[in-house]
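Trainee: This is the structure, below, for whatever I ask next.
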Amino acid sequence: MLVCFTPYWYSTSMENAPLSKIDKPPATLRDMVQERMREAIIDGHFKPGERLIERVMCEQLGVSRTVIRETIRYLEAEGLVEYLPHKGPIIARMNWNEARQIYDIRRMLETAAATTCASNMTPQLAGQLQAALADLKQSYGEKSPGALFRATASFYQVIFEGAGHSVAWEIVQRLNGRISRLRMMTLSSSDRKQPGQAHMKAICDAIVSGDPEAARQAVNRHLDDVTTIAEHLLAAEDLES
C-alpha cells in the first residue's frame, strides 16, 4: 500500500467526513470505494464546493492513494467531482441550468423508453417491472441512499431494457450520479405534489397495462413535479451564491 502524504490543497474540514474504513476489501476494491464515495456525495454528507482531501480519504477508507485518485477521476467523469486550479478536487456544484438540461434529457429518453416498453409488454416483463417496483418500495423504507440509488437504477433498467433502448440506457447511466443528487434533493421537499413512490407506481402500472400514452403521461407528470421543485431549490441557491 502506498503512503499518503498531505497534498497542498489539504483542509481540516475533511477530518469529520462520513467515510468508514473498509476492513475486508474485496477483489473489486476500487468499485467499492467508488460506491461508498458516490453514496456519501449523493446523500449530502459532502457539501457542494467542499474539498476532497486525499490524505484523509486514504486514512478513513484504509486504501492507497492510487485507489483514491482513480475514484476521484471516475467521480469527475460522472460530474460529481471537479478540479479547481491550485485547490484540487472538490464536490461539484450544481446549478439550475445544468439541472434543466439533465431533466430535458431524462424526459426525452424516459418517455421514449416507457412508451416502447408498454408496447412490448409481456407477462414476463410485467413480472420483472413489478418486482423492481417492490424492491424500490422497500428501499424507501430502509432510508439508505445507496439502497435507493441501486433500486431506482434497477427499476429504470428494466424499462429501458424492456424497450430495447440499450444505447439510451448507457447515456442515463453516465448521468446517474447527478440524477441521484437531484433525486435526493427533491425527495425531501414539501413542495412535492405526489410522493416519489406514488409516481413510480403510476409509471409501473401504466407500462404494465400496455398503454403507451398512459406511460408517457405518467413519466411526464413525475418529471414535471421534480423539475419544478429542483428549479425552485437551485434558483434560490444561485441567487445566494
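Trainee: Consider R30 carefully, then state whether it is in contact with a Ser or Thr (Cβ under 7 Å, 6 or more places away or on another chain) and either at pLDDT 85 or above or in a helix (DSSP H, G or I) (or both). I'd like the intermediate steps shown before the answer.
Mentor: Working: in contact with a Ser or Thr (Cβ under 7 Å, 6 or more places away or on another chain): yes; either at pLDDT 85 or above or in a helix (DSSP H, G or I) (or both): yes.
Judged against the criteria, R30 is a match.
Trainee: Find all pairs meeting these conditions: Cβ atoms under 9 angstrom apart; at least six residues apart or on different chains; first residue within the stretch 37-58 and farther than 23 Å from A147 by Cα; second residue among the charged types (D, E, K, R).
Mentor: Close Cβ pairs satisfying both conditions: G49/R93; R51/K87; I53/E15; E54/R65; E54/R69; R55/R65; V56/E15; C58/R65.
Trainee: Among the residues that make up the stretch 99-113, is at least one of them over 18 Å from A230 (Cα atoms) and at pLDDT below 95?
Mentor: Within the stretch 99-113, not a single residue is over 18 Å from A230 (Cα atoms) and at pLDDT below 95.
Trainee: For the stretch 106-162, how many residues are outside any helix (DSSP H, G or I) and aliphatic (A, V, I, L, M)? Give the steps one after another, and end with the answer.
Mentor: Narrowing the stretch 106-162 to residues outside any helix (DSSP H, G or I): 120-122, 143-144.
Still in the list and also aliphatic (A, V, I, L, M): 121.
Number satisfying all stated conditions: 1.
Trainee: Right, another one. Is there any pair with a first residue in the stretch 122-134 that is assigned by TED's automatic domain parsing to the domain that holds K201 and crowded, with 19+ Cβ neighbours inside 10 Å and a second that is assigned to a helix (DSSP H, G or I) and at pLDDT below 95 whose Cβ atoms are under 8 Å apart and which are 6 or more apart or on different chains, and what are they?
Mentor: Short answer, once both residue conditions are applied: A132/A151.
Trainee: Can L75 be described as surrounded by 17 or more Cβ atoms within 10 Å (Cβ to Cβ), modelled with pLDDT of 90 or more and not assigned by TED's automatic domain parsing to the domain that holds H232? Show your work before the answer.
Mentor: Numbers: surrounded by 17 or more Cβ atoms within 10 Å (Cβ to Cβ): yes; modelled with pLDDT of 90 or more: yes; not assigned by TED's automatic domain parsing to the domain that holds H232: yes.
When the stated conditions are applied, L75 passes them.
Trainee: Which of the following residues is assigned to a loop (DSSP other than H, G, I, E, B) and modelled with pLDDT under 95: M94, M57, M37?
Mentor: On the way: M57 fails: assigned to a loop (DSSP other than H, G, I, E, B); M37 fails: assigned to a loop (DSSP other than H, G, I, E, B).
The unique qualifying residue is M94.
For (1) under 18 Å from S180 (Cα atoms); (2) of a type in the set (V, I, T); (3) surrounded by 18 or more Cβ atoms within 10 Å (Cβ to Cβ); (4) without any contact (Cβ under 8 Å) to a residue 40 or more places away in the chain, each residue gets a yes or a no:
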site	(1), (2), (3), (4)
Q197	yes, no, no, no
D205	no, no, no, yes
G210	no, no, no, no
E213	no, no, no, no
A218	no, no, yes, no
R221	no, no, no, yes
T228	yes, yes, no, yes
H232	yes, no, no, no
A235	no, no, no, no
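Trainee: Taking E78, is it acidic (D, E), in contact (Cβ under 8 Å) with a residue 24 or more places away in the chain and within 23 Å of A235 (Cα to Cα)?
Mentor: On the way: acidic (D, E): yes; in contact (Cβ under 8 Å) with a residue 24 or more places away in the chain: yes; within 23 Å of A235 (Cα to Cα): yes.
So E78 passes the test.
Trainee: Cβ-Cβ under 8 Å, sequence separation 6+ or interchain: first residue in the stretch 153-164 and assigned by TED's automatic domain parsing to the domain that holds D205 and hydroxyl-bearing (S, T, Y), partner surrounded by fewer than 23 Cβ atoms within 10 Å (Cβ to Cβ) and assigned to a helix (DSSP H, G or I). Which pairs?
Mentor: Here the result reads S154/A132; S154/D135; Y156/W169; Y156/V172, each pair linking the stretch 153-164 to a residue that is surrounded by fewer than 23 Cβ atoms within 10 Å (Cβ to Cβ) and assigned to a helix (DSSP H, G or I).
The values are calculated or read from the model by the stated rules, or taken from the named source; none is laboratory data. Bear in mind the structure is a predicted one, so any value in this text is a computation, not a measurement. As a convention, Cβ positions derive from the backbone with ideal geometry for all residues, glycine included, and neighbour counts pool all protein chains shown.
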